[in-house]
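Student: Let me begin by handing over the structure; questions about it come next.
Quick note: the coordinates plus some simple rules give every number you see, no bench work behind them. Since the structure is predicted, the reported quantities are computational estimates derived from the model, not experimental observations. Methodologically, a virtual Cβ is constructed for each residue, glycine included, from the backbone with ideal geometry; neighbour enumeration extends over all protein chains shown.
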Amino acid sequence: MSDRYTELPKPDFIYQQVGDVEIDMEVFDHDDSVSLRGQNVPGGKFGFEIALSYSYIGYDCVQNICLDRDGAEALRDALDEALDQ
């Protein structure tokens, strides 16, 4: 795996809504179908992607969120504030 990838701890809980469909799932340590990782996106400008992969009722699901520098800094600030409480 390249240095641009960062394996992150599995989330405790996954919630997603698409239209009227809701995915509401508690994640257990033994669940190997769940992974969360970040990556520095290669290219001409800054980008950081957070990718969540999981299996739900037989479907493979992937969510990718890509942040530009402003978005990544805002996320860092929000996490710092939450961790200070």
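Student: Just checking, which of Val62, Val34, Val41 is closer than 19 Å to Tyr5 by Cβ, aliphatic (A, V, I, L, M) and free of Cβ contacts under 8 Å to residues at least 12 places away in the same chain?
Tutor: Sole residue among the options that is closer than 19 Å to Tyr5 by Cβ, aliphatic (A, V, I, L, M) and free of Cβ contacts under 8 Å to residues at least 12 places away in the same chain: Val62.
Student: Okay, next question. Filter the strands (runs of 3 or more DSSP E) completely within the chain down to those with at least 3 residues that are surrounded by 14 or more Cβ atoms within 10 Å (Cβ to Cβ).
Tutor: 35-40, 48-56
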